[in-house]
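Q: This is the structure I want to talk about, given as structure tokens.
Computed from the coordinates by the stated procedures, all read-outs in this text should not be read as laboratory data. Predicted, not measured: the structure shown is a model, and the values here were computed from it. Methodologically, a virtual Cβ is constructed for each residue, glycine included, from the backbone with ideal geometry; neighbour enumeration extends over all protein chains shown.
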Amino acid sequence: MATVAQAARKAIAKKPAAKQPAAKQPVAKKPAAKKSAAKKPAARKPAAKSRAAAQSVAKLPAAKRADKSKSSSKKPAALPTLKVPAVTRWKPQKFMAAHASDKGQQFRKGLRSYASYRDLGISKATGGVVQAHVIRLHGPCDPAVVSIRHLHGVQFQFLYMLKGWMEGEYNGRRERFEAGACWIQPNSIPHTVLDYSDDCEMIELILPGTFETREL
């Protein structure tokens, strides 16, 4: 019995001691991460809006001035160009002669109230292709009646000063014509009679014999 008991004690002594679970070390708690609140975009201050509005209001006069300068720099509207036939078709012509003493060669009222016209009979001789007359201007010159800007739809217009003088403006160019002077006026050139002498007379030839006149 003693032997059995000894053997049992020896067997118990040989068993390894049961390992006790290691004591858990306290885990250091990490500080809770602060939730970063999503930053909202800063609202614009009313003061900034008011400043922007004030600045835009301050710019208005400058803008108006700019618009005004742009409008002033615009080119003036183009003047009309009256249409005329591109080609003159001549009809058979007749020999003709006209004298100042002939019947029908007297001065008569015509296109202008301040002028009289002596028809030289060229229109009839050319079948209406050419008009020719002597123009006599009645003085004194009244700019309120005379100086009206206008233009003619013609293929050709020629004038020759017989006596006296006349001043005129032709598309911005001012000229004075005295006895012996001549000039041509292209189709639709804007022009104005400015002044003339009481004894002013000139001869005028125009193609075609009938044409349009337009006041500006």
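Q: If a/c stays under 1.5 just call it rounded; otherwise compare a/b with b/c (prolate if a/b is bigger, oblate if not). Do that for the range 73-145, with a ≥ b ≥ c from the square roots of the Cα gyration tensor eigenvalues. Could you put the intermediate results ahead of the total?
A: On the way: a/c = 4.63, a/b = 1.25, b/c = 3.70.
Judged from the Cα gyration tensor, the range 73-145 comes out oblate (a/c at least 1.5, b/c at or above a/b).
Q: How big is the range 76-198 by Rg and Dmax over its Cα atoms, in Å?
A: Rg, Dmax (Cα atoms, Å): 15.9, 50.
Q: Local charge sum around Arg174 (other residues, Cβ-Cβ under 12 Å, Lys/Arg +1, Asp/Glu -1)? Mind dumping the intermediate values first?
A: Details: positive: Arg173, Arg176; negative: Glu167, Glu169, Glu175, Asp195.
Summing Lys and Arg as +1 and Asp and Glu as -1 gives -2.
Q: So which chymotrypsin sites (Phe, Trp or Tyr not before Pro) in the range 138-216 are both in a DSSP loop and have at most 14 other Cβ atoms within 10 Å of their Cβ? Each step should come with its number before you reach the end.
A: Numbers: sites: Phe156, Phe158, Tyr160, Trp165, Tyr170, Phe177, Trp183, Tyr196, Phe211; in loops: Phe211.
Within the range 138-216, no chymotrypsin sites (Phe, Trp or Tyr not before Pro) qualify (loop, at most 14 other Cβ atoms within 10 Å).
Q: Fully extended, how many nm does the chain gain between Gln106 and Ala144 (0.36 nm per residue separation, minus their Cα-Cα distance)? Show your work: numbers first, answer last.
A: On the way: separation 38, 0.36 × 38 = 13.68 nm, distance 2.76 nm.
That works out to 10.9 nm of additional length.
Q: Cβ under 14 Å from Ser113's Cβ, Ser113 left aside: what net charge do those residues give with Lys, Arg +1 and Asp, Glu -1?
A: Numbers: positive: Arg108, Lys109, Arg112, Arg136; negative: Asp142, Glu215.
The answer is +2.
Q: With label points built 7 Å along Cα→Cβ from the Cα atoms of Glu215 and Ala77, find their separation and express it in nm.
A: Rounded to a tenth, the inter-label distance reads 1.7 nm.
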